[in-house]
1. What number of residues in the stretch 15-35 are over 25 Å from Glu63 (Cα atoms) and modelled with pLDDT of 90 or more?
2. All but one of (1) surrounded by fewer than 17 Cβ atoms within 10 Å (Cβ to Cβ); (2) at pLDDT 95 or above hold for Tyr185, so report the exception by its number.
3. I'd like the full set of residues that are charged (D, E, K, R) and either at pLDDT 90 or above or open to solvent by less than 40 Å² (accessible area, probe 1.4 Å) (or both), limited to the stretch 279-307.
4. Here is a list: Arg257, Arg222. Which entry is in a strand (DSSP E or B) and farther than 21 Å from Arg54 by Cβ?
5. From the residues in the stretch 65-78 that are open to solvent by less than 90 Å² (accessible area, probe 1.4 Å) and touching a strand residue (DSSP E or B) at 6+ places or on another chain (Cβ under 6 Å), which one is modelled with the lowest pLDDT?
6. Within the stretch 37-54, which residues are open to solvent by 80 Å² or more (accessible area, probe 1.4 Å) and modelled with pLDDT under 95?
7. Exactly one condition in (1) open to solvent by 10 Å² or more (accessible area, probe 1.4 Å); (2) out of contact with any strand residue (DSSP E or B) (no Cβ under 7 Å at 6 or more places or on another chain); (3) modelled with pLDDT of 95 or more is false for Met93; which is it?
8. Which numbered condition trips up Tyr178, out of (1) among the hydroxyl-bearing types (Ser, Thr, Tyr); (2) crowded, with 18+ Cβ neighbours inside 10 Å; (3) touching a residue at least 60 places away in the same chain (Cβ under 8 Å)?
Amino acid sequence: DGTLDIALPAGREKKVKAALPATDFADGAEYFLSVYSYNRMGDDIIPAGHEVAREQFVISENESAEPALATGKPVKTAKEGNKYTLTCADGTMVTVDARTGALLSYKADGRELIDGAAEPSFWRAPNDNDFGANSQVKLNAWRCAAENRRLIEVKESSADGATTLTVKYRLPDVAAYYTLEYTLYPGGELGVNATLAGSAETPELMRFGMRFPLEKKYDNFRWYGRGPWENYSDRNTSSFMGLWQGKVADQFYPYIRPQETGNKTDVRWASLTDNAGYGLRVEGLRPLNVSALDVTPADLDPGVKKH
């Protein structure tokens, strides 16, 4: 924190030196310098102290930090009927449907962390620019590609005390193959890795990710990434890197016509917790796009025509 007191006529330049604290910027942490410019003199239109410009500079960045995984006794695996159950020594439990490959349950401390099956996410609600480019029609094959996936196989493997369930799908709508790897580690962390293998017939993607439904009580959203308002890769420089928080209900922006909303870019980690601070935290091996909303893409999607 500090102030740079600059008196300069319009259209002129001046170099200034910012006194930064003595820091080892190569210590593996991330450092950003945020600079804001404020109006010194006010008038009837723009008051004094109004922010007229801002910029954030990267001093050191670490986009590929490995998550810290706890060690412990090997994960136990059981298959009963149509379900795989993976269990850690501390009681953390993951259940996967052997018929569909869907992640059905993720329990820790006897409490369920998800509220329904986790799903691949290949579609988002089209925005006004998408309609201008006719993307809602050109990319329409992705709209139901996740729902129409066909299971090929589910395989189990173990290494270093962790157990992985590899689920392979065919996506007939888009002539592609999709693979999900669920890895439960001895400390209870759940690793999720998704891979898409397309062909010359596979259309451009609207989105590549996953949707995890949670109970409404997990409505405290906190993230380390760009914020606090929604931001997208083509317009995110006004959203600075930082530690942000808010309620899930406040992440939705009420556009005149409902459309895609609420995304956050360059997210290193994000969490959703209840009022007691219990919940789920997601970390990316690379920066993620994350949104936490109380509506689904289908709620905001008008189909191929505006309404």
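The values are calculated or read from the model by the stated rules, or taken from the named source; none is laboratory data. The structure presented is a predicted model; accordingly, all values stated were derived computationally and were not measured. A quick note on method: Cβ atoms are made from the backbone with ideal geometry, for glycine too, and the neighbour counts reach across all protein chains shown. Only protein heavy atoms, including side chains, enter the accessible area calculation; ligands, DNA and RNA are left aside. Shrake-Rupley method; radii C 1.70, N 1.55, O 1.52, S 1.80 Å.
1. 1
2. For Tyr185, the failing item is (1).
3. Arg281, Glu283, Arg286, Asp294, Asp299, Asp301
4. Arg222
5. Top of the filtered list is Pro67.
6. Correct list: Tyr38, Arg40, Met41, Asp43, Asp44, Ile45, Val52.
7. (2)
8. Among (1) among the hydroxyl-bearing types (Ser, Thr, Tyr); (2) crowded, with 18+ Cβ neighbours inside 10 Å; (3) touching a residue at least 60 places away in the same chain (Cβ under 8 Å), Tyr178 violates only (3).
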